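Enquirer: Dropping a structure here in C-alpha cells format, bear with me for questions.
The values are calculated or read from the model by the stated rules, or taken from the named source; none is laboratory data. Everything quoted here is computed from the prediction, not taken from an experiment. So basically every Cβ, Gly included, is an ideal-geometry build from the backbone, and we count neighbours across all protein chains shown.
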Amino acid sequence: MAKGEYLGEFEHIVLLTVLRLGEGAYGATIRAEIEHVTGRSPAIGAVHATLERLERKRLVSSWIGEPTAERGGKAKRHFKVEADGISALKHARNTLERLHSGVSLRDATA
Amino acid sequence: MKPPALAQALVAVIAPASDYEIVAGDLHEEYLRIASLRGTKAANRRYWAQTLRSIPSLLSYSRSNASAPRRVGVALIALAVLLAMLAIDTAVQTVFEGVGQGPHWLWFGLHWMIAVVFGAILALLVRTDGLRVAFWTALFLVLCFVIPAVAGHPGSQAPLVAWILLWGVIPAMCSGAAIYQIARRT
C-alpha cells in the first residue's frame with residue numbers, strides 16, 4: 001500500500017460504518033450510526049468531506065437516489081464500499097493486530 | 001416544521017455545488033427526526049450546531065471534476081468580470097471626484113457596493129461554486145496590488161485607507177456571490 005493510501009482514523013470509522021449499514025448507507029444514517037456506536041458526534045460536513053475523499057481513493061462509490069418528502073424534497077447520495085475499500089480495511093486491521101501482538105495493555109502505565 | 005431559514009441560507013452558501021442538495025437533505029431529515037423526539041427548539045439548536053461545525057469541512061472539498069476547457073472558461077469569465085468591475089469603479093470615481101471628495105465611509109460603501117454587484121454577476125455567469133470563484137477572483141485582484149507593494153515597487157505605495165478599501169473587496173465580492181447562491185439554491 002502506497003503511503004497516501006493508508007486510512008486516517010476518521011476515514012477508517014466512516015468506511016466501516018458504510019460497510020455496517022450496507023444498502024442504507026447515506027450521509028444522515030452514517031452520521032447517526034457513528035454517533036450511536038462511538039459516542040462521537042461528527043459534523044455532517046466532516047462525514048461528507050471524508051466520503052468524498054474515500055470516493056476519490058476509489059474505496060467507496062456513490063449514486064444519487066430519489067428526492068423524498070422527509071428530506072424536504074431533496075435527494076440522498078447512497079454509498080457502497082468497493083473491493084479496494086475492503087482491502088484497505090483488512091490491511092488496517094492486520095496492521096493493528098501486528099502492532100498489538102506481544103503488547104500487554106494491562107501492564108502498561110501511562 | 002421548517003429548519004431555521006438563516007442556517008439553511010448558510011448551508012446554501014458554503015456547501016459545494018454538487019453536494020448542496022445532499023447535505024441540505026441530510027440536515028433536514030435529522031431536523032425532522034429530532035423535532036419529533038425532542039421538540040422544535042432542540043431541533044433548531046442541533047441544525048445550527050451541525051451547520052456551524054460543518055463550515056470548515058464543506059469549504060474544504062468540491063466534487064467538481066471540471067474539464068480543463070471549463071476551468072479556462074471560468075478563469076476568462078472571472079478576468080472579464082474583474083476588468084469590467086475596475087472600469088466601472090474608475091468611471092464612478094471620476095464622476096464623483098467632479099462633485100467633490102466625500103467622507104471615507106461613502107467611498108468605501110460605493111466601491112464595495114460595486115464589488116457586491118460584480119460578485120453576484122460573476123456567480124451568475126459561472127453558475128457552479130460562484131462563491132469560491134468570487135473569493136479567488138477577489139484575492140487575485142488584491143494580490144495584483146499587494147505583491148508589487150511587498151516587492152518594493154515605487155509606484156505601488158498607497159495610504160492605509162486605500163489598502164482597507166482594497167482588502168474589503170474580498171468580503172464584498174463574496175457577499176454578492178453568496179446572495180446570488182442563496183437566491184438560486186433555496
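Enquirer: When you scan segment B:106-128, do you find a residue that is at pLDDT below 90, outside any helix (DSSP H, G or I) and within 30 Å of B:Ala66 (Cα to Cα), even just one?
Expert: yes
Enquirer: Given the structure, is A:Ile34 surrounded by 19 or more Cβ atoms within 10 Å (Cβ to Cβ), more than 11 Å from chain B (Cβ to nearest Cβ) and under 19 Å from B:Ala49 (Cβ atoms)? Break it down stepwise before answering.
Expert: Numbers: surrounded by 19 or more Cβ atoms within 10 Å (Cβ to Cβ): yes; more than 11 Å from chain B (Cβ to nearest Cβ): yes; under 19 Å from B:Ala49 (Cβ atoms): yes.
Yes, satisfied.
Enquirer: Mind checking whether some residue in segment A:20-31 is at negative phi, at pLDDT 95 or above and not in a helix (DSSP H, G or I)?
Expert: Yes, some residue in segment A:20-31 is at negative phi, at pLDDT 95 or above and not in a helix (DSSP H, G or I).
Enquirer: Can I ask one more? Among the residues of segment B:48-61, are any within 12 Å of chain A (Cβ to nearest Cβ) and of a type in the set (Val, Ile, Thr)?
Expert: yes
Enquirer: Looking only at segment B:113-124, decide whether some residue is over 18 Å from the mean Cα position of the chain (by Cα) and surrounded by 15 or more Cβ atoms within 10 Å (Cβ to Cβ). Steps first, please.
Expert: Keep residues of segment B:113-124 that are over 18 Å from the mean Cα position of the chain (by Cα), which gives none.
Checking segment B:113-124: not a single residue is over 18 Å from the mean Cα position of the chain (by Cα) and surrounded by 15 or more Cβ atoms within 10 Å (Cβ to Cβ).
Enquirer: Hey, another quick one. All but one of (1) of a type in the set (A, V, I, L, M); (2) touching a residue at least 40 places away in the same chain (Cβ under 8 Å); (3) in a helix (DSSP H, G or I) hold for A:Leu7; state the number of the condition that does not hold.
Expert: (3)
Enquirer: If you don't mind, another one. Which numbered condition in (1) assigned to a helix (DSSP H, G or I); (2) touching a strand residue (DSSP E or B) at 6+ places or on another chain (Cβ under 9 Å); (3) modelled with pLDDT of 95 or more is the only one that A:Trp63 fails?
Expert: (1)
Conditions tested, residue by residue: (1) within 24 Å of B:Pro171 (Cα to Cα); (2) in contact with a strand residue (DSSP E or B) (Cβ under 6 Å, 6 or more places away or on another chain); (3) of a type in the set (A, V, I, L, M, F, W, C).
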| site | (1), (2), (3) |
| --- | --- |
| B:Leu27 | no, no, yes |
| B:Tyr31 | no, no, no |
| B:Pro69 | no, no, no |
| B:Gly73 | yes, no, no |
| B:Ala84 | yes, no, yes |
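Enquirer: Can you tell me which residue among A:Glu52, A:Glu70 is within 8 Å of another protein chain (Cβ to nearest Cβ), surrounded by fewer than 14 Cβ atoms within 10 Å (Cβ to Cβ) and either in contact (Cβ under 8 Å) with a residue 60 or more places away in the chain or not in a loop (DSSP other than H, G, I, E, B) (or both)?
Expert: Numbers: A:Glu52 fails: surrounded by fewer than 14 Cβ atoms within 10 Å (Cβ to Cβ).
Being within 8 Å of another protein chain (Cβ to nearest Cβ), surrounded by fewer than 14 Cβ atoms within 10 Å (Cβ to Cβ) and either in contact (Cβ under 8 Å) with a residue 60 or more places away in the chain or not in a loop (DSSP other than H, G, I, E, B) (or both) holds for just one of A:Glu52, A:Glu70, which is A:Glu70.
Enquirer: Here are the criteria: (1) assigned to a helix (DSSP H, G or I); (2) free of Cβ contacts under 8 Å to residues at least 24 places away in the same chain. Tell me which single one B:Ala158 does not satisfy.
Expert: Every condition holds for B:Ala158 apart from (1).
Enquirer: Looking at (1) assigned to a helix (DSSP H, G or I); (2) out of contact with any Cys (no Cβ under 6 Å at 6 or more places or on another chain); (3) of a type in the set (A, V, I, L, M, F, W, C), can you tell me which one B:Ala134 breaks?
Expert: (2)
Enquirer: With segment B:1-103 as the region, which helices (runs of 4 or more DSSP H) entirely inside it contain at least 3 residues that are exposed (fewer than 13 other Cβ atoms within 10 Å of the Cβ)?
Expert: B:20-38, B:68-99
Enquirer: Additional query: Filter segment A:73-86 for residues that are more than 8 Å from every other protein chain (Cβ to nearest Cβ) and outside any loop (DSSP other than H, G, I, E, B); which is surrounded by the most Cβ atoms within 10 Å (Cβ to Cβ)?
Expert: A:Phe79
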